[in-house]
Amino acid sequence: MGNSLFSRRKKDSKDNYGTRSKRMGGRSQRKMLAEEELLHRQALSMALHQHQLSQRFDGSMSRRIGSTSSRRHTDPLANNEKKVLESLENIKFKRIVLIHGEGFGAWCWYKTIAQLEEVGLSPTAFDLTGSGIDLTDTNTVTTLAEYSKPLIQYLETLPEDEKVILVGHSSGGACLSYALENFPEKISKAIFLCATMVSNGQRPFDVFAEELGSAERFEQESQFLIYGNGKDKPPTGFMFEKQLMKGLYFNQSPTKDVALAMVSMRPTPLGPIMEKLSLTPEKYGTGRRFYIQTLDDRALSPDVQEKLVRENPPGGVFKIKGSDHCPFFSKPQSLHKILVEIIQIP
C-alpha cells in the first residue's frame, strides 16, 4: 500500500508538472506568436513611404503608439497596415522577381516571399542554371547568359505592357545588370541587395577581389576551386568549406536558417562571375537602380559596398544595421520594410 501510494503521488506529481509545463509552453508560444505579429505589423507601418504619410515615422514606434492620438484609435497599427495595403493596391507593377546569389537557390527567399505575398504583391523566385533544384551540372555553365537563362526566359515571355521589379542578392546582381542591358523596357526597378553592381567592363568577381584576391590569383591558388573537366583543365566552379561559409555569410543568421543553407548550398559556376559585362548608357544606364547595404557583412564588407555605390551611383541607397550577407535570414523584417518602401517610390 505504501508503495502504491508513493507511486500514485509520484504519478500525480508528474501529471501536474506535465500539465503546468504544457500551460507554460502554450503561454510561451502564444507570447512568441504575439511578438512576431507585432513585429510584422510594425514593419508594415514603417514601410509607408515619406510622400504618402501625413507625418514622418522616425523609427520610434513606442512614442507613436503611446501618444495621445494613438489612444483615440482602437488600433493604430491596424490603420497603418490598412494604409500600406491600400497604397500597394495602387502600384501598377506588382511582380517582384527574386534572384539568389552564388551557391544559393530560390529556397533562400522563403521568408521574403511570404511577407511580400501578405501585402498583396506577386513575388517569384528562380533557381539560376545549375542552382537550387535545377538539374544542370554546375561545371557545364560557362557564361552569364547561360547562368541567367531562367530570368531571361521569364522576361522574354512577359506581356508587352507588363514590367517587373528585380531584386538580386550578392553575385546575382550581375544577372540584374545583364537583364537591364538586354531588357531595359521590361524592368521597372532593379534592387541590388549587398550585390555585385558592377560598372562597364568589370567582372562580378572584381567586387570580391579585396576579400579573395585578384581573379587570376584566385583561379591559380584557391583551395576552394572545382575542376569538373580534370585537374589539367581550367577550374569550372568553386564552393567554400562549410565552416568558412558560416563565418562569411551567416554571422548573424538564425541557427535553423544556417542549417537549411548547409544542406542546400551548391557549387557556384566560375565562368559567369569571371565574365566582363558590357553595359551601355543607352540601355543599362536608363534603368532605375537601388542599392541595399548590409552593415555587418563579412562576405562583402560595408566599405566595398560603399565603394560600389560611389563608383556606380544608384537612384537610392538603403542600409540594414546588424545584417550579415543574408538579410533574408538575419533581418527579414528590415529587408521587407525597405523593399516595400522602394516599391512605392513613384
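Given 283/307; 163/307; 149/246; 111/321; 149/231, which pairs have Cα atoms separated by over 26 Å? Check vs 26 Å cut-off fails for 163/307; 149/246; 149/231. A 1.4 Å probe run over the range 88-344, with the rest of the protein chains in place, finds 41 Å² accessible per residue. Please report the spacing between the Cα centers of the range 281-345 and the range 133-170 in Å, no decimals. Result: 21 Å between the Cα centres. Here the range 88-344 is treated with +1 on each Lys and Arg Cβ and -1 on each Asp and Glu Cβ, and its dipole about the Cα centre works out to around 480 debye. Remark: spin-label model distance residue 182-residue 114 equals 3.4 nm, labels positioned 7 Å along the Cα→Cβ axis.
Based on the reciprocal of the average 1/r between different C-alpha atoms, the Kirkwood radius for the range 88-344 equals 18.2 Å.
Note on residue 107 and residue 311: the model spin-label points, each 7 Å out from Cα along the C-beta direction, lie 3.4 nm apart.
Taking packing as the residue-averaged number of other Cβ atoms within 10 angstrom, the listed peptides 289-295, 132-138 run from highest to lowest as 289-295, 132-138. Considering the range 146-188 at the alpha-carbon level, its Rg and Dmax are found to be 9.8, 29 Å. Segment residue 321..residue 157, full-extension length gain: 55.3 nm, with 0.36 nm per residue of separation and the alpha-carbon distance subtracted. Once both labels are positioned 7 Å from their Cα atoms along Cα-to-Cβ, the gap between residue 241 and residue 222 label points is 1.6 nm.
The values are calculated or read from the model by the stated rules, or taken from the named source; none is laboratory data. Keep in mind that this is a model prediction, so the values were computed, not measured. Backbone-built Cβ (ideal geometry, glycine too); neighbour counts: all protein chains shown. Calculation scope for accessible area: heavy atoms of the full protein, side chains included, ligands and nucleic acids excluded. Shrake-Rupley method; radii C 1.70, N 1.55, O 1.52, S 1.80 Å.
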